[in-house]
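Participant: A single structure is presented below for examination.
The values are calculated or read from the model by the stated rules, or taken from the named source; none is laboratory data. Quick caveat, the model's predicted, so the values are computed rather than measured. With ideal geometry, Cβ positions are generated from the backbone for all residues, glycine too; neighbour counts draw on all protein chains shown. Ligands, DNA and RNA are excluded from the accessible area calculation, which covers all protein heavy atoms including side chains. Shrake-Rupley method; radii C 1.70, N 1.55, O 1.52, S 1.80 Å.
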Amino acid sequence: MQRTLPHFLVVFTITCLLWTMVFMPVNAAPPVGWSGDSSLSFLLEVNGVNAAESDAANPIPIDVSSDLSIELQIYTGTNLTVQSGRFTMSYLSIPIINQLFDLSVYGEIPENYTASILNASIPLASLMSVGNLSLISGTITGAFSFVYSNSTSPSVNGTVSEDFVLRLGPTGTAAILSVSGLITVGFTVMSVFTLIMSLDEFQQGIMAARKMRGATRGSDVGIFPRPVVLRRMPKKGGEKIDKNELVSRVSKAAGSSWDNKRCPKCGKKWPKNSPTCSKCGIDTGNAITFFSQDIAEYAPKALNMIKPKSKVTVGQLGKRLHLKPDKAGALSGALVDMGVLQTKSVKVPLKKVAFSGMTLAGVYWSWMQIIGGATPDWATILLTTTAGLVVSVLIGYFMNFLARVPKLGYD
């Protein structure tokens, strides 16, 4: 949508250059169907349609492949001076044009006069499209207003105004094939994808918390799940790792939770219900020992990667050490039991859920104005977006509550 703003400004610049006032005396009553009051009435026609007859249900259709004609006339019921005029246009309550004109230079206008303020033709095809791609589609709201003072009360200003609604470009699903439509689709897809991925992460965190809940030591858990967050003791290193103790603790974890689908020595798939590997012949006991000794070699590297007062998930630790999830989980559990690391939470994407919920709520009105021609004001858009943020945050905190875990480590 941001790419469309300069084009609207170009349109309005051309309009400004054509803004002239030509007076033609007439003897008539205030015209029927014009906007304004008995002192100052005006008629705005867009492509020959009276703008006063347009609303959200009956917008004026605008074809970007054709020129746009704008005609504006005013009628004076009394002797008056038009002090100023203002022209505004908004897209999804975002101001595109907000221009004030000083018209007092034309002086006093006699009663029963018609003034032709504007008569312009705007080439939309060259300004609102790139090749066959429209830059913007949807509903645009606008308004003309005038401030005047009459000769009987020169110090008192009166104001007349008229709102109008334009429907720019095609309607329905064809409106998506514009820059603004494609941007809306992009934000929607991104938000939905982020929300799905976030909910999947939340599910993993909740399942991990369920496994950890009720444990009093790392050995009660066995192999730590990937979402578990590990924290290093807040001091400048110096922790001594007893390799034999580490191997013993890892063996205990592996003995109760080892994923023996593959042999830790040769990597071949472990035969179902078999006590030995069909390739290298290692039995289950020796496989656990090999598994534990292999993991113990990575303990110093793990401590180098997890700096004091820093934190990392089990999954991130495994990636940095090039360890499979079961090995990284067993190493983490052993280091927690030895008091080197601590865990008291699992990783949950609270901010992602909040952002995606807010974005989805925000693009709702964009879809409504592109497909359905809605004309929401800024307060409605802000309220909807805020509601989406609040609801998504509440859902996130509820899931965060479900993902709570006991404090383990630093004993």
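Participant: List pairs: first in the stretch 95-113 and within 12 Å of Gly85 (Cα to Cα), second part of a strand (DSSP E or B) and of a type in the set (D, E, K, R), Cβ under 8 Å, 6+ apart or cross-chain?
Facilitator: Partner pairs satisfying both residue conditions: Asn98/Arg86; Gln99/Arg86; Leu100/Arg86; Phe101/Arg86.
Participant: Condition first: out of contact with any Gly (no Cβ under 8 Å at 6 or more places or on another chain), modelled with pLDDT under 80 and closer than 26 Å to Lys311 by Cα. Can you find one or more residues in the stretch 204-221 that meet it?
Facilitator: no
Participant: Could you list, in sequence order, all residues of the stretch 200-219 that are in contact (Cβ under 8 Å) with a residue 40 or more places away in the chain and either open to solvent by 80 Å² or more (accessible area, probe 1.4 Å) or within 13 Å of Leu360 (Cβ to Cβ) (or both)?
Facilitator: Arg213, Thr216, Arg217
Participant: To continue, here is another question. Could you give me the residue pairs with C-beta distances under 7 Å whose first residue belongs to the stretch 164-191 and is surrounded by 20 or more Cβ atoms within 10 Å (Cβ to Cβ) and of a type in the set (Ser, Thr, Tyr), whose second residue is part of a helix (DSSP H, G or I) and at pLDDT below 75 wherever it lies, and which are 6+ apart or on separate chains?
Facilitator: Ser180/Thr4
Participant: Residue check: is Ala287 in a helix (DSSP H, G or I) and touching a Cys at 6+ places or on another chain (Cβ under 9 Å)?
Facilitator: Against the criterion (in a helix (DSSP H, G or I) and touching a Cys at 6+ places or on another chain (Cβ under 9 Å)), Ala287 qualifies.
Participant: In addition: Given the condition over 26 Å from the mean Cα position of the chain (by Cα) and part of a strand (DSSP E or B), answer yes or no: does some residue in the stretch 397-410 qualify?
Facilitator: yes
Residue-wise test of (1) within 27 Å of Met368 (Cα to Cα); (2) out of contact with any Asp or Glu (no Cβ under 6 Å at 6 or more places or on another chain); (3) part of a loop (DSSP other than H, G, I, E, B).
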{"position": "Ala57", "(1), (2), (3)": "yes, yes, yes"}
{"position": "Ser65", "(1), (2), (3)": "yes, yes, yes"}
{"position": "Leu68", "(1), (2), (3)": "yes, yes, no"}
{"position": "Gln73", "(1), (2), (3)": "no, yes, no"}
{"position": "Thr81", "(1), (2), (3)": "no, no, no"}
{"position": "Arg86", "(1), (2), (3)": "no, yes, no"}
{"position": "Asn98", "(1), (2), (3)": "yes, yes, no"}
{"position": "Phe101", "(1), (2), (3)": "no, yes, no"}
{"position": "Val105", "(1), (2), (3)": "no, yes, no"}
